[in-house]
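The values are calculated or read from the model by the stated rules, or taken from the named source; none is laboratory data. As the structure is a computational prediction, the values presented were derived from the model and not from experiment. Because the Cβ atoms are built from the backbone with ideal geometry, glycine has one as well, and the counts that use them run over all protein chains shown.
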Amino acid sequence: MEKAPRLVPTIYGYLVCLISIVVLLVSVSMIVGSLFNLHDPLRANGIYGGNSLSSLQSYKATLASPVSSAGVAQPALAQNEVQAAYDAAKNDQIAAVRFDAFRSVTTGGIMILIAFILFFTHWRWLGRLQKAA
């Protein structure tokens, strides 16, 4: 009869420790992915913008279609206009990737800190609980 009241706190303590480890692993994975995005923002998962920004030539190739998606003919752009559009799009993507990556690294770091605190406090609490038994 005495083991039943101690069973619920023990299960709770081990579940919190297990969840903390899972949160730690997911957060580390998120931070590693964000650091790769920071290393090369122009190739960051291809989720920022529709045109290829790896080089001016690839950007021109994506603009080469004379008809837009709405079926309207697009006027040809001058070289300096294409260069200015490429630079603006590239700078915008780099800024967006850096912001998202820093946000992910910060969030992941905070989650790792919380997971460590929860894990160690509950692990010590479980140790004291078992010593009392």
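Return yes or no: is Gln79 out of contact with any helix residue (DSSP H, G or I) (no Cβ under 6 Å at 6 or more places or on another chain) and either on the phi > 0 side of the Ramachandran plot or surrounded by 14 or more Cβ atoms within 10 Å (Cβ to Cβ) (or both)? Judged against the criteria, Gln79 is not a match. Here Ser27 qualifies as touching a helix residue (DSSP H, G or I) at 6+ places or on another chain (Cβ under 9 Å), of a type in the set (Gly, Ala, Ser) and modelled with pLDDT of 75 or more.
The set of residues from region 18-37 being more than 25 Å from Phe99 (Cβ to Cβ) and buried (at least 17 other Cβ atoms within 10 Å of the Cβ) comprises just one member, Ser20.
Considering only residues in region 30-42 that are of a type in the set (A, V, I, L, M, F, W, C) and either more than 13 Å from Ile110 (Cβ to Cβ) or not in a helix (DSSP H, G or I) (or both), the one that is modelled with the lowest pLDDT turns out to be Leu42.
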